[in-house]
């Protein structure tokens with residue numbers, strides 16, 4: 001799937017295009033198919049996203065999985081600080097990144 | 001340490017308003033990120049993986065307790081309760097919001113701090129020996145020069161858009177504790193035969209994709225011409241560096257392409273011209289700044305003996321204390337490399353502890369070392385036990401200075417958008433593998449440096465053992481290097497062979513270390529043994 | 001918006017600027033165009049017939065033009081130096097310090113923004129091609145006549 005992602009302009013948080021708006025959670029990421037360029041341009045011009053880009057990913061049993069480890073780290077948070085990730089209570093969250 | 005006057009304060013405040021206005025224009029969509037990026041970088045604001053990262057300047061690594069408490073406040077109020085000290089003596093916060101950045105800069109200005117030129121293609125933070133003003137072996141404290149040059153290089157109009165970053169370092173001893181030879185412009189303060197102060201100048205060093213060790217372009221630049229000389233170097237580079245390929249724009253590349261002789265010739269020619277312009281600062285201004293760096297009022301008649309009856313304290317004393325020039329005093333090295341922790345990171349609570357210790361026991365001064373540790377430069381030997389107890393209670397008393405677990409690591413792929421691989425887990429696993437204190441002391445000085453990408457912020461080229469993280473078809477892979485040094489015995493590490501995965505590189509390090517243990521001669525550090533026997537034996541031990 | 005911001009009182013040279021090579025050849029030319037990689041020191045022998053130097057910034061991050069302007073002023077050139085190309089309002093303060101006295105950027109500047117940018121910094125730390133007195137000299141006024 002083709003995913004549109006970036007960082008929130010004001011806060012810098014990682015955000016994922018969910019089809020209608022921006023979510024903090026990669027599980028909500030939508031497949032933008034061929035409409036992505038128009039959405040990217042519109043959202044960037046409206047200052048709703050900074051540094052937008054397309055990444056590859058797939059839907060797995062556990063949810064959306066970005067293809068590249070960098071994006072999985074973006075999705076979760078730093079693997080060395082579980083408490084700073086989106087899943088602080090999950091001791092195995094880091095394994096998903098690898 | 002230096003105190004701002006109304007001019008310094010006005011400049012920093014103006015910069016805050018400048019940035020506030022630029023941020024407003026960005027948030028209102030009047031500027032694209034392409035236009036805003038170089039401007040925010042000139043104020044240390046990166047967009048990293050998880051959030052904006054703010055890099056705050058700590059000029060030549062010197063801080064007082066008021067400033068450190070402000071950093072703790074920023075950590076708590078605007079970030080997630082901690083900060084990270086860098087290999088250029090600065091501090092970074094990794095969870096900053098753009099909308100908060102102007103206010104943070106405003107708060108920093110309240111304590112005479114700023115983020116000016118801490119990133120982007122700027123003249124960066126000028127680093128210096130973290131033992132400055134305390135070490136017995138220095139000719140003089142290098143920091144008045146670092147401070148004077150800091151001011152002179154702030155908002156230099158001709159160099160508003162340099163080809164690439166430019167890093168300056170000043171030391172004043174034979175021993176190089178600041179990796180001076182790895183800088184774009186390294187200075188060693190010396191005295192000539194007439195007893196006059198001047199500088200040995202070492203341009204053209206740098207890490208990154210193509211590392212180079214700086215060469216010596218001058219044996220002696222008279223002290224009050226050093227700013228003219230610096231301008232000459234900058235101008236030659238600004239005019240002649242490539243502008244088409246970001247990987248070929250550091251000054252070290254130009255030096256290499258022109259050759260040292262031709263680069264020196266061009267610099268000397270420009271230097272002679274710039275001297276005619278009269279842009280150097282006068283003795284009176286240097287004296288004004290130097291007055292802030294006179295030695296603190298050291299007491300005399302202090303006891304030299306240290307009560308070693310507490311065995312844990314004794315271990316710490318043996319490793320963490322460095323000799324001070326004033327009798328009865330010691331330099332205290334504070335480890336930010338606890339086993340199981342993240343090197344260079346410090347919590348807001350720990351910052352408060354160190355601020356209190358600095359204020360009470362070290363004439364209100366502390367230092368940040370490029371090795372990502374801290375220093376309390378002027379502690380009475382009589383106070384060492386009390387200091388140690390408080391450091392221990394705060395988790396800051398690991399006795400591992402320059403040992404195998406005192407690892408330098410960049411934030412890597414866990415934080416950094418430039419990275420190809422994670423560096424912090426590798427550092428953690430190596431530290432765990434070698435955690436046993438007796439084993440660490442047996443190994444002795446062993447400087448491991450880890451970078452998560454070719455930008456080499458972890459200084460892997462200068463590691464006795466260096467590790468470079470790369471992206472190998474989408475998975476993390478690690479190259480192992482041996483034989484680098486950032487000290488006065490400067491050398492560039494060499495790659496051992498094919499790379500490893502994370503578990504593999506930790507095992508490879510252990511095999512290299514075991515090989516050293518097997519063949520070392522008495523008194524040899526790892527780096528000494530490597531230099532004596534060369535790569536072959538190590539390569540066999542690593543790859544079998 | 002203003003296409004050209006100019007900080008001189010004299011009349012602008014209205015001859016189109018020619019390339020550096022052409023200028024050195026054409027003895028009656030008065031305006032020259034300096035590309036980012038050109039060596040302005042080649043103008044040293046012909047400074048007296050020079051009225052306008054246009055220095056181009058192909059990309060605002062290419063800072064060679066700052067050195068070109070500075071060197072021209074150091075050579076004693078007192079005519080107009082105009083910045084063209086990718087000139088952003090955030091640069092003009094530093095450009096003025098280097099000796100630029102007019103601006104004709106690709107994207108016109110808002111004069112109000114330009115005014116604010118030029119007045120943002122109350123002092124300067126170092127000498128440049130302009131007449132601004134550096135902070136160290138303000139600190140030691142007794143040295144002003146030295």
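Structural remarks
- Ranked list, fewest to most other Cβ atoms within 10 Å of each Cβ, for C:33, C:42: C:42, C:33
- Peptide A:66-79 - average C-beta neighbours from other chains (10 Å radius): 4
- Here the residues B:361, B:2, ranked from fewest to most Cβ neighbours within 10 Å of their Cβ, fall in the order B:361, B:2.
- Under the simplified labelling scheme, the residue A:83-residue B:261 pair shows an inter-label distance of 6.1 nm, with each label point 7 Å from Cα along Cα→Cβ.
- In degrees, nearest ten, helix A:36-45 long axis to first principal axis of chain A (Cα): 90 degrees
- By the Kirkwood approach, averaging reciprocal distances over each pair of separate Cα atoms, the protein assembly as shown gets a hydrodynamic radius of 27.9 Å.
- Whole-number D in µm²/s for the range B:6-110 (Stokes-Einstein; Kirkwood sum over Cα pairs; 20 °C, 1.002 mPa s): 151 µm²/s
- The Kirkwood hydrodynamic radius of the range B:267-359, based on inverse pair distances between different Cα atoms, is 18.4 Å.
- Modelled this way, with points 7 Å down the Cα-to-C-beta line, the labels at residue C:144 and residue B:517 are 7.2 nm from one another.
- For the range B:311-393, a Kirkwood radius taken over Cα pairs fed into Stokes-Einstein (20 °C, viscosity 1.002 mPa s) yields D = 166 µm²/s.
- Overall form of the range B:24-175 per C-alpha gyration tensor (a/c, 1.5; a/b vs b/c): oblate
- Cα pair distances in the range B:499-544, grouped into 10 Å bins until the bin that holds the longest one, percent each: 29, 52, 17, 1
- Cα-Cα separations in the range C:5-121 greater than 17 Å, expressed as whole percent: 51 percent
- Cα gyration tensor shape for the range B:380-437, rounded if a/c is under 1.5, else prolate or oblate: prolate
- Sequence-distant contacts, meaning Cα pairs under 8 Å at least 6 residues apart, place the relative contact order of chain B at 13 percent.
- For the range B:134-291, the average shadow cast by the Cα convex hull is 9.6 nm², which is a quarter of the hull's surface.
- Length-normalised contact order of the range A:2-97 in % [C-alpha pairs under 8 Å, at least 6 apart]: 23 percent
- Inter-label distance, residue B:304 to residue C:24: 7.0 nm, where each label sits 7 Å from its Cα along the C-beta direction.
- Extent along the principal axes, Cα only, for the range B:197-356: 62, 43, 29 Å, with the longest axis given first.
- Convex hull of alpha carbon positions in the range B:182-243: directionally averaged projected area 4.5 nm².
- For the range B:444-501, diffusion coefficient by Stokes-Einstein and Kirkwood Rh (Cα), 20 °C, 1.002 mPa s, µm²/s: 191 µm²/s
- Convex hull per residue volume in Å³, alpha carbons only, for the range B:356-407: 83 Å³
- Under 15 Å from the residue B:209 label point (7 Å along Cα→beta-carbon), backbone N, the range B:457-477: B:457, B:471
- Histogram of C-alpha separations across the range B:408-543, 5 Å bin width, %: 2, 11, 22, 24, 21, 13, 5, 2, 0
- For the range B:64-141: Kirkwood Rh in Å [reciprocal of mean 1/r, alpha carbons]: 14.2 Å
- Binned Cα-Cα distances of chain B, short to long, each 10 Å bin given as a whole percent: 4, 18, 29, 29, 16, 4, 0
- The helix-based estimate of mean residue ellipticity at 222 nm for chain C, built from -39,500 (n - 2.57) per DSSP H run of four or more residues and divided by its residue count, is -6500 deg cm²/dmol to the nearest 500.
- For the peptide C:56-64, the mean number of other protein chain Cβ atoms found within 10 angstrom of a residue's Cβ is 5.
- GNM remark for chain A: springs join alpha carbons under 10 Å apart, and the peak mean-square fluctuation among A:24, A:86, A:76 falls on A:86.
- Cα-based convex hull, chain A, per residue volume (Å³, whole number): 91 Å³
- Exercise: per-residue mean of other protein chain Cβ atoms within 10 Å, A:5-15: 6
Bear in mind these aren't lab numbers, they're just calculated from the coordinates by the rules spelled out. What you see is a predicted model, and the numbers here were worked out from it, not measured in a lab. Because the Cβ atoms are built from the backbone with ideal geometry, glycine has one as well, and the counts that use them run over all protein chains shown.
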